[in-house]
Amino acid sequence: MKDYKAAGRASPSRWVRLRVIFLAIVFWGLLAGVLVRAVVLQVYEREHLRELAQDQYVRQIEIPARRGDIFERNGLPLAQSVEVDSIWVDPSLLPNLASSARSLARALHVDPEELQVRFAKAKRFAWVKRQAKPEEVAAVILGLATTMTFVNGTIIPVDGGSLL
């Protein structure tokens with residue numbers, strides 16, 4: 001073993017002790033920071049975090065049921081549910097709102113000024129006509145030369161025609 005006192009140098013244990021004390025202070029500081037953050041989260045932000053967790057796991061989604069048919073006593077249907085198509089547009093994709101409104105109004109027999117007002121108010125979604133007849137849907141599809149997305153998510157590529 002070396003004799004540090006005889007050599008006139010300071011003992012290495014003094015520097016080791018200082019380093020250990022410094023690291024202990026750093027780790028105690030980090031531990032104190034973690035504990036403070038835990039208290040803030042669990043005490044002060046408790047309700048907000050509980051609401052976030054509740055919203056993430058518990059949701060109410062309305063799933064509309066198909067209405068049943070109503071039959072008479074002999075088994076003939078008196079009333080039946082019929083699914084119909086609806087037509088909507090994304091006004092941000094229309095090159096000219098006024099001409100598009102006029103063309104759609106002509107094909108669907110609706111007021112062109114009303115369509116133009118709807119298109120001007122909406123940014124990304126505007127109803128053109130709800131509960132459209134199959135002939136009206138066909139007239140709109142024939143007038144388009146681009147891809148069309150329907151409300152139910154069906155995408156129908158159309159080849160031919162011109163933009164309404």
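A short reminder: the numbers here are calculations on the coordinates, not readings from a lab. None of these values were measured; they are calculated from a predicted model. For neighbour counting, all protein chains shown are included, and Cβ atoms are generated from backbone atoms with ideal geometry for every residue, glycine included.
Which trypsin sites (Lys or Arg not before Pro) in region 101-138 sit in a loop by DSSP (not H, G, I, E or B) and have at most 12 other Cβ atoms within 10 Å of their own Cβ?
Details: sites: 102, 106, 118, 121, 123, 124, 129, 130; in loops: 123, 124.
Hits after loop and neighbour filter: 123, 124.
Near the amide H of residue 126, within less than 5 Å, lie the amide hydrogens of 89, all on another chain or at least 5 residues away, with H placed in the peptide plane.
Checking every one of the GluC sites (Glu not before Pro) in region 81-115 against DSSP loop status and a limit of 12 other Cβ atoms within 10 Å picks out 83.
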